[in-house]
Structures are given as C-alpha cells and as structure tokens.
1. Using a cut-off of 13 Å between beta-carbons, work out the net charge of the residues near Phe172 (Lys and Arg +1, Asp and Glu -1, Phe172 not included).
2. So how tilted is helix 268-294 from the main axis of the chain? Cα-based, degrees 0 to 90, rounded to 10.
3. Taking a quarter of the surface of the convex hull around the Cα atoms of the range 107-149, what do you get in nm²?
4. Give me D for the range 270-316 in µm² s⁻¹, whole number, from Stokes-Einstein with Rh from the Kirkwood sum over alpha-carbon pairs, 10 °C and 1.306 mPa s.
5. What residues have an amide H closer than 5 Å to that of Thr77, excluding those fewer than 5 places away on the same chain, when H is modeled at 1.01 Å from N in the peptide plane?
6. Two-decimal Rg/Rh of the range 50-149 from alpha-carbon positions, Kirkwood Rh?
7. Near Gly13, within a Cβ-to-Cβ distance under 15 Å, what is the net charge of the other residues, with Lys and Arg +1 and Asp and Glu -1?
8. Across the range 199-315, how many lysine pairs separated by 8 or more positions, or lying on different chains, have Cα atoms within less than 23 Å?
Amino acid sequence: RSRVLSGIQPTAGSFHLGNYLGAVRQWVALQETHDAFYMVVDLHAITIAQDPAELRANTRLAAAQLLAAGLDPDRCTLFVQSHVPEHAQLGWVMNCLTGFGEASRMTQFKDKSAKQGADRTTVGLFTYPVLQVADILLYQANAVPVGEDQRQHIELTRDLAERFNGRYGDTFTVPAPYILKETAKIYDLQDPAVKMSKSASMPKGLINLLDEPKVSAKKIKSAVTDTDTVIRFDPEKKPGVSNLLTIYSTLTGTGIAELEQKYEGKGYGALKTDLAEVMVEWVTPFRARTQEYLDDPETLDAVLAKGAEKARAVAAETLARAYDKVGFLPAK
Ligand code: ATP
Ligand code: MG
C-alpha cells in the first residue's frame with residue numbers, strides 16, 4: 001500500500017470549511033486505499049504564542065473533529081505530533097540541510113510574519129516548513145494530501161529528501177503532493193481573493209465547523225459576490241459565486257454544471273439560501289459527533305496513545321537510519 005501523511009494544527013479550536021474540504025475530506029477517503037498517517041501538529045501550533053490550557057484542549061478538540069469527520073483509528077494511524085519525539089529530532093537534521101535563503105523564500109512564512117510584525121515573529125515560525133519536511137520524511141510518505149497553500153512546502157520536502165539522499169545515500173522516499181484541484185483552495189467569504197484561514201480570516205469570512213449552524217448560515221447568506229446576477233462558475237471574473245458553487249458541489253456531490261443549470265434564471269439569494277441549508281445539514285451531525293468524543297476524553301486519549309505507538313514504530317526506525325547516515329555515534 002502506498003503511504004500518505006498529513007497534519008492539521010490545533011489552533012483556533014474549530015476546523016474551518018477550507019480545512020475540511022481542502023484536506024480532511026481527502027484524509028477520510030485515503031484511509032480506505034492507503035496506509036495513512038494523520039497527526040495533530042501541536043509543535044507547529046506553538047510557532048505562534050498559545051495559551052497552554054487552550055492548546056491542550058484544542059489538541060483534543062482537533063482529534064475529536066478528525067474522528068467526527070470520519071477518520072477510523074482501525075483504518076489509519078491518528079496521533080499527536082509531540083507524542084513522537086522523532087519529529088523534533090529529524091527536524092534539527094533537516095534544519096542543518098536547509099539554506100537560509102531557501103527557507104526565506106517560503107511564502108507562508110512571509111505572509112504570516114508580515115501579518116504579525118517582525119517583533120512577534122519567532123524563529124520557530126521561520127523553520128516550521130523544515131519541521132514539516134521532517135514530519136513527512138519520517139514516515140517515508142509517498143503522497144501528502146493538503147490544500148494548495150502547502151504546495152511549496154511539499155516542494156521543499158522533495159528538495160531536501162533528494163539532497164539528503166544525494167549526500168548520504170538513499171534514505172528517504174521523495175513524496176508527491178496530493179492536491180485535488182476542485183477544493184484545493186476555499187476562499188474567504190468576505191474576500192474571495194484570499195484563502196479561508198484559521199489565523200488570517202476575519203470571523204465573517206470564515207466558516208467554523210463548530211459554530212452554531214445558524215451563525216454559519218448567516219455568513220453564507222452575507223458572502224461577498226458581485227454586481228452581476230448570473231450564477232456561473234468563473235473563478236477569474238466571479239470568484240465569490242464560484243467559491244460558493246465549489247462548496248455547494250463538494251458538500252452535496254452535485255456537479256458544477258448541474259448546479260449552474262439548477263440556478264439558471266435564479267438570483268444569488270436562492271443559491272445562498274440553499275447552500276446555507278446544505279451547510280446546516282452537514283455541520284449539525286458533525287458537531288454532535290465531535291461532542292460525543294469530547295464527552296469521553298479517556299477513550300479519545302487511548303486512541304491517540306495507540307496511534308502514537310504505531311507512529312513511533314515507523315518514525316524511530318527512519319530516524320535511526322538517518323542518524324547513522326549523518327555520522328552520529330550510536331548510543332550504546
Ligand atoms: P493557518 O492560516 O494558521 O496556517 P490554516 O487555515 O491554513 O491555518 P492549517 O492547520 O495550517 O490551517 O491547515 C490544515 C490543512 O488545511 C492543510 O492541508 C491546508 O492546506 C488546508 N487548508 C487550509 N486552508 C485551506 C483553504 N482555504 N482551502 C483549502 N485547503 C485549506
Ligand atoms: Mg496553514
């Protein structure tokens with residue numbers, strides 16, 4: 001079986017619609033066909049200051065949402081990144097293989113640090129793409145299901161895997177991105193020029209899956225569209241409407257063309273009202289399932305402990321090989 005690995009940050013509590021449609025939805029599908037490793041990346045979360053109690057709660061919350069979305073611990077390995085110390089260990093090795101200029105070119109870093117200001121930007125944020133490289137290479141993943149915003153980091157992963165293999169001999173699988181075109185980028189509802197983001201979107205532009213369904217419905221209804229009236233998929237000229245069509249199509253499994261036909265001669269109001277309803281129908285059971293997992297933290301923690309054990313078995317083997325190749329003296 002081909003192997004996939006991916007992660008999601010336990011920041012902000014609730015996942016947003018972009019996380020689900022761009023990433024988590026694919027994770028659920030891939031566990032049926034692949035040897036799948038999925039993690040809650042708490043090491044990445046602290047690149048931006050976190051309240052400790054909140055971070056802990058949000059880590060459980062992220063795991064609960066992943067299970068609610070359909071991950072099955074019998075079909076995939078679900079774990080918390082900090083439970084597997086090999087991530088930080090291989091991360092250091094990868095830091096020492098990465099050029100400063102190379103890291104400086106990462107656009108996610110540039111965007112996030114620009115937003116925060118230089119004083120609040122940590123070195124951790126600067127090197128987080130390199131930690132992500134280690135995350136992926138530790139599991140010898142063949143593919144990495146992510147949204148479009150992560151493409152550059154997967155490229156970096158390929159470069160560093162090849163660099164390491166070239167310098168020290170074949171060690172790491174060179175992974176490929178797995179990005180589904182249709183849902184690669186879900187846009188901010190208020191500013192359809194930018195991606196919906198946990199850390200960057202304003203509340204009105206962001207659909208949090210755990211918000212009151214009524215609140216999400218309202219956000220859909222007040223999504224920015226355009227002054228035209230035709231409901232047509234055209235991301236260039238009609239980014240707002242196209243974004244709504246993508247969301248609608250993916251949540252219901254209805255083709256875009258079919259939707260265009262359905263709404264021929266109808267106004268944006270009709271589209272929004274229907275999509276709001278679709279959204280409410282989808283999030284209502286999702287929220288209930290998430291709450292069920294949260295109500296039973298012992299079971300949740302046991303799932304994560306078992307996942308960490310499975311993950312460590314793989315990660316420890318890869319790290320040992322990498323350490324040996326680099327020339328570290330084995331501890332006797
Ligand atoms: P942040 O803005 O703080 O980086 P995020 O919204 O990007 O947060 P992450 O936890 O970094 O959330 O990303 C988890 C997964 O969700 C990644 O695979 C990422 O590519 C995907 N993703 C995030 N935002 C979107 C989006 N708007 N559309 C599609 N996929 C997305
Ligand atoms: Mg992100």
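1. Working: positive: Arg3, Arg158, Arg163, Arg167, Arg321, Lys325; negative: Asp135, Asp159, Glu162, Asp170, Glu317.
My count for the surroundings of Phe172 gives +1.
2. Helix 268-294 and the main axis of the chain meet at about 40 degrees.
3. Orientation-averaged projected area of the Cα hull: 3.5 nm².
4. Result for D is 119 µm²/s.
5. Residues meeting the amide H criterion: Ala36, Phe37, Tyr38.
6. With Rg and the Kirkwood Rh in hand, the quotient comes to 0.99.
7. Every neighbour counted, the sum reads -1.
8. Step by step, the pairs that qualify in the range 199-315 add up to 29.
Values quoted throughout were computed directly from the atomic coordinates according to the rules given, and no laboratory measurement underlies them. Nothing here was measured: the structure is a model prediction, and the numbers come from that model. For neighbour counting, all protein chains shown are included, and Cβ atoms are generated from backbone atoms with ideal geometry for every residue, glycine included.
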